[in-house]
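The values are calculated or read from the model by the stated rules, or taken from the named source; none is laboratory data. These numbers were taken from a predicted model, which means no experiment stands behind them. Here Cβ is always computed from backbone atoms with ideal geometry, including for glycine, and neighbour counts include all displayed protein chains.
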């Protein structure tokens, strides 16, 4: 199972992207990943006891919970239903729930595979570890091999547990026989007394389960979670589509910046604005800004979202500044009293239309400062117009910036890491197997934490 921390990182990366920037289908991928992460964070380690009939699965289950919770048999299959002890598993219904002194692990006692194949496979599929319980009489038969193959086919790591091993059986020879019969497998030997010691391993089934819990993270690394794996694959596709969108966004930004740099007040519009009343002039300027903004983003499937009041406020502030500068430049208080209205009427028009001749009265009122005031006012008008144009286009540019800066490389890297974390279940080892580890190292095959 992929590392849940990696899945959470992938979820955070995908969640950092605004929903309107995500490609089609990404929302479903994120929801699936959220469900998978939540499921893996909350669920206990799931260990199932599978294998042929009459090998003592229920006896081991009882030993783990500390009481006779399940009926046991020796020669004939006794278990006909599924027993669950420890942690809760909402996806399992119609099971016999048994109280246990632990809740960090969900231990499941399964009927023989041949008794209820469909149900048994469904439980094995949701398990993190399958303990294939067999015996000295049945360790080499087809039922044991089929249980191992079922776990491997479902992507669940399997450990062979040989139950009730007589004390006179050499452990090494039995291990070698198991390896020859079932391939290089994880093997645990339990003596005749299920409460006794595992030969050469920690003592008892309870300690075997404790060892599984201690290695939960490593066990789950071998165990594929379909939701997380599928989301990782989809995340790679999402990153590819986001890369295409980011490239287009960067090109659009470059084009917009070039257009903004060369756009200004259309020359043909200046005399029209200058001849209109102030309210009409503002409407003309706003229309010109909209026209120029549309030209800036032409060729891109982008929608302008205007804020017209910002333009009105900017134009009003500009005219007040022009009027105040003109009145303040009059040489005498008497001129101000007579000429203020006339100057206010003329100067903003002169600033808009720089080719418009300056009336004699304005020159007389302002004296030698007339040209300087007009030039400064004209420059400021051009700046206001440019600011209005940028303001109209800026929301689009900001959206493009967000599209161009999505963390696609990090998304792809985490997704690849999740998919690379899946180990072949045939290589799984819960207990130490030095010879197998050495052989794997010589063959370049990863075991346990190696990768």
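Is at least one residue of segment 179-187 closer than 19 Å to residue 206 by Cα and either in the same structural domain as residue 220 (by TED's automatic domain parsing) or assigned to a helix (DSSP H, G or I) (or both)?
Yes.
Given the criterion modelled with pLDDT under 85 and under 31 Å from the mean Cα position of the chain (by Cα), identify the matching residue among 68, 38.
After ruling out the rest, the residue left standing is 38.
Pairs under 6 Å by beta carbon, first residue surrounded by fewer than 16 Cβ atoms within 10 Å (Cβ to Cβ) in segment 172-192, partner outside any helix (DSSP H, G or I), six or more apart or different chains?
Short answer, once both residue conditions are applied: 181/140; 192/164.
Could you list, in sequence order, all residues of segment 345-374 that are closer than 15 Å to residue 270 by Cα and either under 60 Å from the mean Cα position of the chain (by Cα) or loosely packed, with under 13 Cβ neighbours inside 10 Å (or both)?
Passing the criteria: 347, 348, 349, 350, 351, 352, 353, 354, 355, 357, 374.
Please specify each residue of segment 1-42 satisfying the condition of being within 18 Å of residue 155 (Cα to Cα) and not in a helix (DSSP H, G or I).
Passing the criteria: 1, 2, 3.
Among (1) under 17 Å from residue 205 (Cβ atoms); (2) modelled with pLDDT of 80 or more; (3) in contact with a helix residue (DSSP H, G or I) (Cβ under 9 Å, 6 or more places away or on another chain), where does residue 106 come up short?
So the condition that residue 106 fails would be (3).
Tell me, please, whether a residue that is surrounded by fewer than 17 Cβ atoms within 10 Å (Cβ to Cβ), at pLDDT 85 or above, part of a helix (DSSP H, G or I) and not assigned by TED's automatic domain parsing to the domain that holds residue 313 can be found in segment 225-233.
yes
Go through 140, 158 for me and flag whichever is touching a helix residue (DSSP H, G or I) at 6+ places or on another chain (Cβ under 6 Å), touching a residue at least 24 places away in the same chain (Cβ under 8 Å) and surrounded by fewer than 16 Cβ atoms within 10 Å (Cβ to Cβ).
Going through 140, 158 in turn, the sole match is 140.
Would you mind stating whether residue 149 is surrounded by fewer than 18 Cβ atoms within 10 Å (Cβ to Cβ), in a helix (DSSP H, G or I) and at pLDDT 85 or above?
When the stated conditions are applied, residue 149 passes them.
Could you tell me whether residue 327 is touching a helix residue (DSSP H, G or I) at 6+ places or on another chain (Cβ under 9 Å), at pLDDT 85 or above and at negative phi?
no
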